[in-house]
Amino acid sequence: EHASETDLHAIIIELFEEEGGDIMPTIAERWVEQGRMESQEKVKQAEQKARQSEQKARQNEQKARQNEQKARQNEQRARQREKEAWELAFNNVRRTLAVLFAIERDQFDKRLQKLKLPALKELNNVVFEVETLAEFEATLTKLEAPPPDKGKSAPDEIDSISEI
């Protein structure tokens, strides 16, 4: 038949007493050893997780540095494209004025160099629509004046050729 837990316990104690041993220290030693091994395993797992976390953190830092570098490169490319667009508009206005009105190319350079890219683009379009040099100069004067509500421009905008 089936032995109860109490019967098994009594039999084990009886066997150990016959052999002259003590069951409690042996069981306690096993429990301590088992606990020590489980603790060591948990420490190893925690150390492994910590190493993995550190590795992921290093990878994230590296990705962040790469993203920052890409952002700087993109910003640099954008500034270069804006500079090229500014120079193109500037030169187009100069050439068109020289051809249409038989003036020296550099006649308006000092004034044109102070303009921002949007104003130069507008002048580039207007230069084909004006009939006289006086009309062009009037438009240029309007574009040289800062807008009444805006005041200072955004710091990232190219203000003039001197910033390029």
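The values are calculated or read from the model by the stated rules, or taken from the named source; none is laboratory data. Predicted model, so just to flag it, every value in this text is computed and none were measured. In this analysis, Cβ positions are derived from the backbone assuming ideal geometry, glycine residues included, and neighbour counts consider all displayed protein chains. Surface accessibility is based on the protein's heavy atoms, side chains included, excluding ligands, DNA and RNA. Shrake-Rupley method; radii C 1.70, N 1.55, O 1.52, S 1.80 Å.
Just checking, does segment 44-67 include any residue being within 30 Å of Leu117 (Cα to Cα) and part of a helix (DSSP H, G or I)?
Yes: segment 44-67 contains one or more residues that are within 30 Å of Leu117 (Cα to Cα) and part of a helix (DSSP H, G or I).
Identify all residues within segment 114-150 that are among the aliphatic types (A, V, I, L, M) and without any contact (Cβ under 8 Å) to a residue 24 or more places away in the chain; write none if there are none.
Val126, Val130, Ala134, Ala138, Ala145, listed by residue number.
Looking only at segment 102-150, how many residues end up being closer than 28 Å to Arg81 by Cβ and of a type in the set (Gly, Ala, Ser)?
Selection size over segment 102-150: 2.
Find the helices (runs of 4 or more DSSP H) located wholly in segment 107-146 whose residues include 2 or more that are open to solvent by less than 20 Å² (accessible area, probe 1.4 Å), and list them.
117-126, 133-144
Regarding Arg77, is this residue exposed (fewer than 13 other Cβ atoms within 10 Å of the Cβ) and of a type in the set (D, E, K, R)?
Against the criterion (exposed (fewer than 13 other Cβ atoms within 10 Å of the Cβ) and of a type in the set (D, E, K, R)), Arg77 qualifies.
Of the numbered conditions (1) open to solvent by less than 50 Å² (accessible area, probe 1.4 Å); (2) under 30 Å from Ala145 (Cβ atoms); (3) assigned to a helix (DSSP H, G or I), Ile103 fails exactly one; give the number of that condition.
Every condition holds for Ile103 apart from (3).
Has segment 20-42 got at least one residue that is open to solvent by less than 90 Å² (accessible area, probe 1.4 Å), without any contact (Cβ under 8 Å) to a residue 40 or more places away in the chain and either of a type in the set (Phe, Trp, Tyr) or on the phi > 0 side of the Ramachandran plot (or both)?
So far as segment 20-42 goes, yes, one or more of its residues are open to solvent by less than 90 Å² (accessible area, probe 1.4 Å), without any contact (Cβ under 8 Å) to a residue 40 or more places away in the chain and either of a type in the set (Phe, Trp, Tyr) or on the phi > 0 side of the Ramachandran plot (or both).
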